[in-house]
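I am attaching a structure below and will ask some questions about it afterwards.
Values quoted throughout were computed directly from the atomic coordinates according to the rules given, and no laboratory measurement underlies them. This is a predicted model, so every value here is computed, not measured. In this analysis, Cβ positions are derived from the backbone assuming ideal geometry, glycine residues included, and neighbour counts consider all displayed protein chains.
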């Protein structure tokens, strides 16, 4: 198998800039062909979707990194975008027959709702991820941020980046299947969970432990 | 492996238990053999005010003496000395099949061969002409999935032969591990049954608690995650 090409759609947004490390790691540690679509303006958005089907080879892996909800993906937080829907259910069909990793909040629900009807070959989605301090001030699910500190958010960012970058590195360098990539992400989340509670014993459930548990429990795979 | 055996009889079965323990001395497994006394004379504490075995008292006594314990095999005496129309081994098996903890256990009936039981049911019908009662008894007997019938005089050998063939149940090993470390707790990483000690978790599994399957999956998942070699993990 040739090294896969990665098309990384990464809308410009300072709250997700920390994910750049994933791209840097793939570029530095693998021979994969990486194309980054760093979209900032409405024009870039329109141009991208006009040519995405042609531009992205059928065997490429699409990695979307941004924000999301169960009905759409978003992410560009610029003067023009401000979290508007970026990829709706309709636009997801652009990735028909392709394998996609949607590194956003609630992309697991998004994939469950639209993934197979849109003809994706396979997809990896994630649950609600608390990766920004803003979510502690204005949470969409208040009970999920109970007791979560700013330090927890920073630790979770670090953990998420490590899980994804090392798992994609394994996927490329060890020539794993897409399903094995999903299991690699899951096992790394589980190991983080075990390690965290091993260093924080006899304190019952802890807010950061809950974040790791939700990540492990919520990462989803569809397709084959 | 220790196989769990329960003998249900109205007479004390201590001698039979000694014989069974002796029979398995050289076998590659051990038997933990207990008895549950139901009916006169030795199981008189389950006799109701009408002088017959009271099933509510039987259930209470079972819960008191064995609680959530699971058995691989339960051997029932057919004749429980409860008089005409009273409780016999068949009706007792029917009750035990309705109790979650004992439903899965294999069951044998001793002190009568199947032919003798059928003969007794037919005689009962001949004497009373009560079709409904006779047919009810046959129906029960057919549906109970009793693994064997044997005479009292050789039932110890039969028990050993049957229990030898009962393979380890899927939860046996997990429960054995949990019981052996019963005072410990799992870390909160496992989420399910958080706060319970390992003994209490073993009780949950034995009682077929609805969360127990989820717990076992999580246990295996985390054990694999913990033990697998992984670079940058």
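Quick check: the angle from helix B:14-23's long axis to the longest principal axis of chain B, C-alpha only, nearest 10 degrees?
Once rounded, one gets 60 degrees.
Would you mind getting me the FRET efficiency between residue B:79 and residue B:165? Use the beta-carbon distance for r and R0 = 35 Å, nearest 0.05.
E between residue B:79 and residue B:165, to the nearest 0.05, is 0.85.
Under a crude label model (7 Å from the Cα following the beta-carbon direction), how far is residue B:152 from residue B:30 in nanometres?
Between residue B:152 and residue B:30, the simple spin-label model gives 3.1 nm.
Place the peptides B:204-215, B:117-128, B:34-45 in order of packing, highest mean first, counting for every residue the other Cβ atoms within 10 Å and averaging per peptide. Provide the component values of the computation, followed by the final result.
Values: B:204-215: 15.7, B:117-128: 13.9, B:34-45: 18.8.
Per-residue Cβ counts within 10 Å, averaged per peptide and sorted highest first, yield B:34-45, B:204-215, B:117-128.
Tell me the label-point distance for the pair residue A:42, residue B:125, using the 7 Å Cα-to-Cβ offset, in nm and rounded to one decimal.
Rounded to a tenth, the inter-label distance reads 8.7 nm.
Sorting check: for A:189-201, B:50-62, which peptide has the highest mean count of neighbouring beta carbons within 10 Å, and how do the rest follow?
On the way: A:189-201: 18.7, B:50-62: 15.8.
Those peptides, ordered most packed to least, come out A:189-201, B:50-62.
Return a whole-number percent for the relative contact order of chain A, with Cα pairs under 8 Å and 6 or more residues apart as the contact set.
Once divided by the residue count of chain A, the mean separation gives 20 percent.
Okay, next question. For the Cα atoms of chain B, what angle does the longest principal axis make with the long axis of helix B:55-66, in degrees from 0 to 90, nearest 10?
Here the helix axis deviates by roughly 40 degrees.
Report the FRET efficiency, 1/(1 + (r/R0)^6), for residue B:45 and residue A:116, where r is their Cβ-Cβ distance and R0 is 51 Å, rounded to 0.05.
Computed FRET efficiency for residue B:45 and residue A:116 comes out at 0.25.
Among A:126, B:173, which comes first, second and so on when ranked by fewest other beta-carbon atoms within 10 Å?
Arranged by neighbour count, lowest to highest, A:126, B:173 become B:173, A:126.
With a cut-off of 8 Å between alpha carbons and a minimum separation of six or more residues, what is the relative contact order of the stretch B:169-222 in percent?
Relative contact order here is 33 percent.
Please report A:65, A:211, A:54 as a ranked list, fewest other C-beta atoms within 10 angstrom at the top and most at the bottom.
A:54, A:65, A:211
So, one more: Give the average, rounded to an integer, of partner chain Cβ atoms located within 10 angstrom of each Cβ in B:15-25.
For peptide B:15-25, the averaged partner shielding equals 0.
Sort the stretch B:37-125 into rounded, prolate or oblate with this rule: let a ≥ b ≥ c be the square roots of the eigenvalues of the Cα gyration tensor; rounded if a/c is under 1.5, and if a/c is not under 1.5, prolate when a/b is larger than b/c, oblate otherwise.
Details: a/c = 2.15, a/b = 1.23, b/c = 1.75.
Verdict is oblate for the stretch B:37-125.
So for each of A:92-103, A:25-36 I average, over its residues, the number of other beta carbons within 10 Å; can you give me the resulting order with the highest mean first?
Order by mean packing, descending: A:92-103, A:25-36.
A further question on this structure: Counting only other chains, and only Cβ atoms inside 10 Å, what mean value do you get across the residues of B:207-219? Intermediate values should be presented prior to the final figure.
Numbers: counts 0, 0, 0, 0, 0, 0, 0, 0, 0, 0, 0, 4, 0.
Mean shielding by partner chains, rounded to a whole number: 0.
Could you work out how much longer the chain between residue A:35 and residue A:150 gets when fully extended? Use 0.36 nm per residue separation minus the Cα distance between them, nm to one decimal. Walk me through the intermediate numbers first.
Numbers: separation 115, 0.36 × 115 = 41.40 nm, distance 3.27 nm.
Taking residue A:35 through residue A:150 to full extension adds about 38.1 nm, to one decimal.
What's the long-distance tail for chain A, i.e. % of Cα pairs beyond 30 Å?
So the pairs more than 30 Å apart make up 20 percent of the total in chain A.
Further question: Classify the stretch B:172-227 as rounded, prolate or oblate from the Cα gyration tensor: take a ≥ b ≥ c as the square roots of its eigenvalues, call it rounded if a/c is under 1.5, otherwise prolate when a/b beats b/c and oblate if not.
Here the stretch B:172-227 falls in the rounded category.
Determine, from the Cβ-Cβ distance of residue A:176 and residue B:143 and an R0 of 51 Å, the FRET efficiency 1/(1 + (r/R0)^6), rounded to the nearest 0.05.
0.50
Moving on. How many percent of all Cα-Cα pairs in chain B sit more than 22 Å apart?
60
At what distance in angstrom do the alpha carbon centres of the stretch A:24-47 and the stretch A:158-223 lie from each other?
What the calculation gives is 24 Å, centre to centre.
Also: Please state the shape class of the stretch A:135-186: rounded when a/c is under 1.5, otherwise prolate if a/b exceeds b/c and oblate if not, all from the C-alpha gyration tensor.
Numbers: a/c = 4.52, a/b = 2.62, b/c = 1.73.
Taking the square roots of the gyration eigenvalues as a ≥ b ≥ c, the stretch A:135-186 is prolate.
Now for a separate question. Once both axes come from the Cα atoms, what is the angle between helix A:150-173 and the longest principal axis of chain A, in degrees from 0 to 90, rounded to 10?
Approximately 50 degrees, to the nearest ten.
Relative contact order for chain B using alpha-carbon pairs under 8 Å, separation at least 6, rounded to a whole percent?
16
Other chains near A:94-106: what is the mean number of their Cβ atoms within 10 Å of each residue's Cβ? Kindly include the intermediate steps, with their values, before the conclusion.
On the way: counts 0, 0, 0, 0, 0, 0, 0, 0, 0, 0, 0, 0, 0.
Across A:94-106, the average partner-chain Cβ count within 10 Å equals 0.
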